[in-house]
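What follows is a single structure, written as structure tokens, with notes after it.
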Amino acid sequence: MSGALGKDLLGLEYLSADQIRRILDTAEPFKEISERAIKKVPVLRGKTIVNLFFEASTRTRISFEFAEKRLSADTVNVAASGSSVSKGETLVDTARNLEAMRIDMVVMRHMSSGAAKFLADRIESSVINAGDGKHEHPTQGLLDLLTIRDHRPIAGTKVCIVGDVLHSRVARSNIWGLLKLGAEVAVCGPRSLLPLGIEALGVRVFRRVEEAIAWADVLNVLRLQLERMEAGYIPSLREYYRVFGVTVERLAKAPRELLILHPGPMNRGVEIDSRVADGPHSVILHQVTNGVAVRMAVLYLLAGGNPDLAEAAKGGADR
Amino acid sequence: MKPILIRGARVVDPSVGRDEVADILLDGGVVRAVGRGLGAPDGAQVLEAAGLVAAPGLVDLHVHLREPGREDVETIATGARAAVAGGFTAVCAMPNTDPVTDNQAAVGFIVSQARLAGSARVHPISAVSLGQKGEQMAEFGELVAAGAVAVSDDGRPVATAHLMRTALEYALTFGIPVIDHCEDVTLSHGGAMHEGITSTRLGLKGIPRSAEDVIVARDIALAELTGGHVHFAHMSTAGAVRMIREAKARGLAVTAEVTPHHLTLTDVACEGYDTNAKMNPPLREAQDVAAVRAGLVDGTIDCIATDHAPHHYDAKEAEFDNAPFGVVGLETALGLAITELVEPGILSLPTLIERMATRPARIVHLPGGTLRPGAPADVVVFDPAAEWTVEPARFFSKSRNTPFAGRRLRGLVRWTLVGGRVTHTAGDRPDSPERSAP
């Protein structure tokens, strides 16, 4: 299988601006499928897809599963606990066994950075990275791009990613995708949660969230995990909210209306104020809806689908 | 044992400042004479060495031979055989075996296994602390008597400043160095590669330069306090080189080593999550490579040591986070040094031999590293111009975890002699030892 994207989707760093635009354009016609009474088209009929999740995930796993099912693929979910993985099988053995059952694609979430590439290098099936360690989460990056694009042109838009950039695969995929499509990108957070030398990627760094809010058109607010406090990166969640929380009071001082994104799951009252999350500028649920369409587009393109024929394909042409 | 005459080689012996075409006569396990037109005594074996370089056998202060404990990835015999294939006639074995080499029986075991193997000399390094736990000091006196040439908790740093202080003081009695693996484990914790733009891009937790630098700074302060001899293992950062240079200028008893991979590779080698580029300390950046090279050139860094660290194929065939640190180095060190340092004119050949034989021998007070009459007949004869390709499948080591597979190198070992006996000849190939790779 090779088409507009090649065999695998491992990260946005490895895609061209054209390929990214192509995925977003392909997602457009797929949006409508989820609005139908009968949410199913035969685009991937007969394809077998394994959702291999080594890390807990609700949103991403379910979103992929809906995308697969609405395209009529046959799917199997494998979670790390209760599978052969918990019996000490190596990643490559797990994958080879799955492949021996003749599958077409693997959607994998794994705690180690590089795990998706490791797998892709060793099996013939397409591999879709559904998040590998702190490296990338390309479909999240794509759905964020699609959501921003639904509201304003990406080129020239100022996007600030706020929070734990150091441990965030969402941040990395966002940075690559946004830069490639011509956005201006900044990050903001305590320096202990920003990677050393992040500026070299071509992003600005704001030390204070007030400065970020004054600059940005879009804020992508990252989840702050409790473990970061326990590992000593920040003093407390309370302190984090006090200094970096995205609050109504802070947003009120913005010179323009900001679009608020969050990849979820949210910690209300830690990185984001509930009044912001549920407020008029929040597009957080719109992101979730777009997630299904973007994943359909990725599955379709990796299965060899022609981006220009997506509209026709969903009509039922048997490929 | 027959006398051996090495005839017509370019003899490079930095210990006496010799660099000229000459013959070397070995007999009775020692060097008898070096000079022009030496006749071959009756019954002597003659090695025709015109166009080749003959030098004191190379000495490696830092290898992991994995025996006892991990004989599946290396043994003293296979490691010593790999050593002579790489031109090393003596290697110093680190004590992070299982069980840890921290008592006279363990040291004696290594000495006797090496004797049975009969290739490179293997000098044990004992642990600084029992079980390398960083608590109670090992019995240096008894360990030295059993054959240990230095002490180290390598694999991890000497745990506390107090332990380092007392070890340096106590080691003064025996005239041995304390070799430290400089890593502040609270800074490196969970790290998989150098902290920089590449680790940021790959999403791998980084190990900052400061993890090395703060312990180097600590140890220099303690060398100054105690007058003890600190030897810094595998230096990787520009900051460490700067501090050691300054410490040496102040006359402190500090010495240092650098590995072939830190002299030749940067963190970019981790690109693509290549686990054969995962080592500790991690590969750093171009400015660090430039600094360790400059340190080696000006003598701030005394020697090249391989940190030969065999690992099983299956262990390296894993996600980057889960793969172990370390690369094998004995069979590629000389070729890399000639190709990357001597050929481009960074280091002269005599200086390279000084850094790979004479100085390391001096640091742990070995009789080798010289071709003076009466010295052990440990000699390497190599062709500095011969080209070869690194083929891990043909290593004598049981393990193949090298980032240099497929590299074309100049400098091929023709013969390695230990105690006046030929222990390696070019073209020798491993005779089906069990391997750790398929």
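The values are calculated or read from the model by the stated rules, or taken from the named source; none is laboratory data. The structure displayed is predicted, hence computed values, not measured ones. Reconstructed Cβ throughout: ideal geometry from the backbone, glycine too, with neighbour counts over all protein chains shown. When the accessible area is computed, the model is the full protein with side chains, heavy atoms only, and any ligands, DNA or RNA have been set aside. Shrake-Rupley method; radii C 1.70, N 1.55, O 1.52, S 1.80 Å.
Taking segment A:101-176 as the region of interest, the strands (runs of 3 or more DSSP E) fully inside it that hold 2 or more residues being in contact (Cβ under 8 Å) with a residue 24 or more places away in the chain and under 22 Å from A:Leu196 (Cα atoms) are A:126-132, A:158-162. Among the candidates B:Val59, B:Val46, B:Val84, single out the residue that is under 19 Å from B:Ser397 (Cα atoms), part of a strand (DSSP E or B) and either modelled with pLDDT of 95 or more or in contact with a Pro (Cβ under 7 Å, 6 or more places away or on another chain) (or both). Unique residue meeting the criteria: B:Val59. Taking segment B:319-355 as the range and being within 14 Å of chain A (Cβ to nearest Cβ) and crowded, with 19+ Cβ neighbours inside 10 Å as the test, the residues that pass are B:Glu319, B:Phe320, B:Asp321, B:Ala323. Cβ separations smaller than 7 Å between residues 6+ apart or across chains give the following pairs from segment A:199-219 residues that are within 14 Å of another protein chain (Cβ to nearest Cβ) to residues that are part of a helix (DSSP H, G or I): A:Ala200/B:Ile197; A:Leu201/A:Ile175; A:Gly202/A:Leu179; A:Val203/A:Ile175; A:Val205/A:Ile198; A:Val205/A:Glu199.
Among residues of segment B:149-171 that are in a helix (DSSP H, G or I), those with a beta-carbon under 7 Å from a residue that is aromatic (Phe, Trp, Tyr) and at pLDDT 95 or above at least six positions away or on a different chain give the pairs B:Tyr170/B:Phe140; B:Ala171/B:Phe140. Here B:Thr339, B:Thr351 are screened, and the one residue that is among the hydroxyl-bearing types (Ser, Thr, Tyr), out of contact with any Lys or Arg (no Cβ under 9 Å at 6 or more places or on another chain), farther than 18 Å from B:Ile6 by Cα and assigned to a helix (DSSP H, G or I) is B:Thr351. If the condition is being of a type outside the set (Ser, Thr, Tyr), open to solvent by 20 Å² or more (accessible area, probe 1.4 Å) and part of a helix (DSSP H, G or I), then segment A:285-309 contributes A:Leu285, A:His286, A:Val288, A:Pro307, A:Asp308, A:Leu309. Once segment B:391-405 is narrowed to residues that are in contact with an Asp or Glu (Cβ under 8 Å, 6 or more places away or on another chain) and either more than 24 Å from B:Ala49 (Cβ to Cβ) or of a type in the set (Lys, Arg) (or both), the residue that is surrounded by the fewest Cβ atoms within 10 Å (Cβ to Cβ) is B:Ala405. Of the residues making up segment B:279-299, one or more are under 18 Å from the mean Cα position of the chain (by Cα), within 14 Å of chain A (Cβ to nearest Cβ), part of a loop (DSSP other than H, G, I, E, B) and in contact (Cβ under 8 Å) with a residue 12 or more places away in the chain. Would you check if there is a residue in segment B:72-84 being open to solvent by less than 20 Å² (accessible area, probe 1.4 Å) and within 22 Å of B:Asp180 (Cα to Cα)? No, every residue in segment B:72-84 fails to be open to solvent by less than 20 Å² (accessible area, probe 1.4 Å) and within 22 Å of B:Asp180 (Cα to Cα). Looking across segment B:119-139, the residues that are in a helix (DSSP H, G or I) and over 22 Å from the mean Cα position of the chain (by Cα) come down to B:Leu130, B:Gly131.
Checking each residue in segment A:265-296 for being touching a residue at least 12 places away in the same chain (Cβ under 8 Å) and among the hydroxyl-bearing types (Ser, Thr, Tyr) picks out A:Ser282, A:Thr289. The test for being open to solvent by less than 40 Å² (accessible area, probe 1.4 Å) and either assigned to a loop (DSSP other than H, G, I, E, B) or of a type in the set (A, V, I, L, M, F, W, C) (or both) holds for A:Leu224. B:Arg165 falls short of the stated requirement of being among the charged types (D, E, K, R), closer than 30 Å to B:Thr425 by Cα and open to solvent by 50 Å² or more (accessible area, probe 1.4 Å). Taking the condition open to solvent by 50 Å² or more (accessible area, probe 1.4 Å), in a helix (DSSP H, G or I) and aliphatic (A, V, I, L, M), does B:Leu116 pass? Answer is yes for this residue. Looking at segment B:177-187, is at least one residue within 14 Å of chain A (Cβ to nearest Cβ) and either closer than 21 Å to A:Arg169 by Cβ or not aliphatic (A, V, I, L, M) (or both)? There is at least one residue in segment B:177-187 that is within 14 Å of chain A (Cβ to nearest Cβ) and either closer than 21 Å to A:Arg169 by Cβ or not aliphatic (A, V, I, L, M) (or both). Screening the candidates B:Gly37, B:Gly51, B:Gly17, B:Gly28 for the property of being modelled with pLDDT under 95, out of contact with any helix residue (DSSP H, G or I) (no Cβ under 6 Å at 6 or more places or on another chain) and open to solvent by 20 Å² or more (accessible area, probe 1.4 Å) yields one hit, B:Gly37. Among the residues that make up segment B:193-212, is at least one of them away from chain A (no Cβ under 14 Å) and outside any loop (DSSP other than H, G, I, E, B)? Checking segment B:193-212: at least one residue is away from chain A (no Cβ under 14 Å) and outside any loop (DSSP other than H, G, I, E, B).
The condition of being within 14 Å of another protein chain (Cβ to nearest Cβ) and surrounded by fewer than 19 Cβ atoms within 10 Å (Cβ to Cβ) holds for only one of A:Glu13, A:Glu55, A:Glu28, A:Glu32, that being A:Glu55. In the set B:Arg372, B:Arg400, B:Arg394, only one residue is more than 14 Å from chain A (Cβ to nearest Cβ) and either among the acidic types (Asp, Glu) or closer than 29 Å to B:His194 by Cβ (or both); that residue is B:Arg400. Do we have any residue at all in segment A:159-177 that's open to solvent by 10 Å² or more (accessible area, probe 1.4 Å) and farther than 19 Å from A:His135 by Cα? No; the residues of segment A:159-177 include none that is open to solvent by 10 Å² or more (accessible area, probe 1.4 Å) and farther than 19 Å from A:His135 by Cα.
The residues of segment B:267-293 that are of a type in the set (S, T, N, Q) and surrounded by fewer than 20 Cβ atoms within 10 Å (Cβ to Cβ) amount to a single one, B:Gln287. Only one entry of B:His189, B:His229 meets the criterion of being farther than 19 Å from B:Pro282 by Cα and surrounded by fewer than 24 Cβ atoms within 10 Å (Cβ to Cβ), and that entry is B:His229.
With the structure loaded, tell me whether B:Ala223 is within 14 Å of chain A (Cβ to nearest Cβ), part of a helix (DSSP H, G or I) and open to solvent by less than 10 Å² (accessible area, probe 1.4 Å) or whether it fails that test. No.
When B:Arg355, B:Arg394, B:Arg362 are checked against the criterion of being free of Cβ contacts under 8 Å to residues at least 40 places away in the same chain and within 17 Å of the chain's Cα centre (by Cα), a single residue qualifies: B:Arg362.
In segment B:301-309, the count of residues that are more than 14 Å from every other protein chain (Cβ to nearest Cβ), surrounded by 24 or more Cβ atoms within 10 Å (Cβ to Cβ), within 18 Å of B:Thr198 (Cβ to Cβ) and not aromatic (Phe, Trp, Tyr) is zero.
Checked against (1) in contact (Cβ under 8 Å) with a residue 12 or more places away in the chain; (2) within 14 Å of chain A (Cβ to nearest Cβ); (3) β-branched (Val, Ile, Thr), B:Val241 meets all criteria but (2).
Could you count how many residues in segment B:315-336 are within 21 Å of B:Arg66 (Cβ to Cβ) and not in a loop (DSSP other than H, G, I, E, B)? Summing the residues that are within 21 Å of B:Arg66 (Cβ to Cβ) and not in a loop (DSSP other than H, G, I, E, B) in segment B:315-336 gives 5.
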